[in-house]
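The values are calculated or read from the model by the stated rules, or taken from the named source; none is laboratory data. Computed from a predicted structure; not experimentally measured. Methodologically, a virtual Cβ is constructed for each residue, glycine included, from the backbone with ideal geometry; neighbour enumeration extends over all protein chains shown.
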Amino acid sequence: MTRITHHPSDALLLSHAAGRLPAGLALVVAVHLERCARCAAYAGALEAAGGLLLEETQPVPLQARALDQAMAALDAPAAETAKPAAWQGPPPLPQGQAWPSAVAGCQIAPWRWIGPGMHYSRVRLAGDDAVTVFLLRLAPGKYLPRHAHSGRELTQVLCGAFHDGRAQFHAGDFDAPGRGVQHLPVVQSAGECVCLTAVQGRLQFDAFYGRLLARLGGLG
């Protein structure tokens, strides 16, 4: 098994453990924790420490009628929401690869062709429209055009490997390029590379081809 060398920062793991991340970003971190025992143990310790702090916190009296208001909200009829389209399960991964359990329940669209050896799939989570979550499946030698980010971008490599000019990322690795950092991920492995990515804001592509791909995928 390839050794995991790129991990979420301590600050990002703390935000995840505290439940402060938007659902799309939290999903990518959760997928990493399934693959990385080190980060999973650290996140577990942070959650345990948070639980101890809550136990030691002095209770605060509730406002008058707070319980009545909470019970009334529970008894109120649920708002009708549009039913999602029928979902047949996630699209296939390269042979021998399995989906992380963290994506169970997500709506994952079929693979969509965006160029030779390049496919894209949108991942939808309820109530998290501010974060775009998607999958990229690229053949060896293919690349995502050079781009920067207007907000946070988190990527977890599910299989394969890529190099983006800063470092090499293998299956299990996690990448969180900072805002304004430009990179050009190129698939290096002998097989396909599949990545799960969450973007807060927009990808900012340099070239027309990249901007066209972004428009096709709803990323720019």
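Quick look at the numbers
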{"read-out": "Residues of the range 197-220 satisfying the condition of being more than 14 Å from Leu135 (Cα to Cα), outside any loop (DSSP other than H, G, I, E, B) and modelled with pLDDT of 60 or more", "value": "Gln200, Leu203, Gln204, Phe205, Arg215"}
{"read-out": "Residue count, the range 1-22 (criterion: assigned to a helix (DSSP H, G or I) and without any contact (Cβ under 8 Å) to a residue 12 or more places away in the chain)", "value": "2"}
{"read-out": "Qualifying residue in the range 3-12 (condition: of a type in the set (D, E, K, R), over 22 Å from Thr197 (Cα atoms) and at pLDDT below 90)", "value": "no"}
{"read-out": "1 or more residues surrounded by fewer than 19 Cβ atoms within 10 Å (Cβ to Cβ), modelled with pLDDT of 90 or more and among the polar types (S, T, N, Q): qualifying strands (runs of 3 or more DSSP E) within the range 116-196", "value": "168-170"}
